[in-house]
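Following: one structure in structure tokens, then a few remarks.
What follows is calculated from the coordinates using simple rules that are stated; it is not laboratory data. Because the structure is predicted, anything quoted here is derived from the model rather than measured. Virtual Cβ from ideal backbone geometry, glycine too; neighbours counted across all protein chains shown.
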Amino acid sequence: MERTLFAVRRNLLAWLVVGAVAGVSATAHAHAPVTITDPWVRATVPGQKATGAFMHITAHEAVTLVGGKTPVAPVVEIHEMKMVGDRMQMRALPNGLAIGAGQTVHLEPGGYHVMLIDLPKAVEVGQKVPLTLTFTTANGQRLDVDIEAEVRPLGGMGRPMSHGGHGHGPQR
Amino acid sequence: MARLFAAWRRIVWAICAVVLAACSDQPAFHAQEITGADFGRDFVLPDTEGRVRRLADFRGEVVALYFGFIQCPDVCPTALARAVEVKRLLGAQGERFRVVFVTVDPERDTPEVVRAYLNAFDPTFVGLIPPDAATLEATAKAFRVFYRKVPTGASYTMDHTATTFVYDPKGRLRLAVPHAMGAKEFAEDVARLFAEAP
Ligand SMILES: [Cu+2]
């Protein structure tokens, strides 16, 4: 009983975090099967055509992240970065990124990211990047989740510039 | 009794190890030492201002040479951010720690983009842009660096060697620093190179 209550509280907290961090209206997505926390985009310089968006995605039921949309770039792809020996490789995930029920996937440097391609202009620190992520559920339904990602410095390691009181929700 | 003997033996071994370490004037680097390597002897490439640069321009400095590309969302910025941290950890010596970035994607990485990108890390970082595909190929070959253009849906990406090559102040190739090595270990290795060559 206590465990259930605790779980519910954690979920509630998750929704509050999404509401605060990602700017999602809690009522509109009260039964959404995914929680997205701490989304951010790496800043670019003028002339740089691509960048990555990073975040933590918790699935409350099995989903697959299949794509996205943003006003800052015409093309959005789901990518994986990995080291093969001493070589760096980046690949688009042809079947998207599957996340099991109850799992949290971390999109972070050195691993997965949402690639924003053909940027017409630089994304700058302080800017908020609206991003609609598209998931498919196990029964084939399409689900769009709107978030807003904070732009963090190009030269940084992606940590928030300041912890303005918001928690990081239920990760790991 | 047997256990006591085992403990005693362990202590003796520990003492031997300490003595050996103290006597050896060449403790291992954290990075892979490649002193005497028959590759990566020099480069001759234009920088972001169009000046032709070669290794001899940086004599007296420890040079960290990295091949990468700007449209890379994380491995390259991670390597450059580590270099910033290494320089900071070196304190005053950091003034003589020179980061040289060679793009393997000169098609998209124009001198202007490379300069703006490196400035976001440290304006003293040098960016080199192979002027044509043949020069890029020859340079990569001379450094045994792998690079390959790979299409991804709407665009393309570059697979590439993510090792950083480190030269001592005399301009000799000394270390291959793997991508995963931390800034602290990297800085310790660089400090050692400065210490051995006054
Ligand atoms: Cu990517």
Cross-link pairs beyond the 23 Å C-alpha cut-off, checked among B:Lys87/B:Lys141; A:Lys49/A:Lys82; A:Lys69/A:Lys128: B:Lys87/B:Lys141
Residue-count net charge about A:Thr132 - beta-carbon cut-off 13 Å; Lys, Arg +1, Asp, Glu -1: -1
Cβ-based net charge around B:Thr164, under 11 Å, with every Lys or Arg adding one and every Asp or Glu removing one: -1
Nearest-ten-degree value, helix B:75-89 long axis tilted from longest Cα axis of chain B: 60
Charge dipole magnitude, Cβ of K and R +1, D and E -1 - the stretch B:30-196, Cα centre, debye nearest 20: 240
Cα pair count fraction exceeding 24 Å, expressed as % - chain B: 44
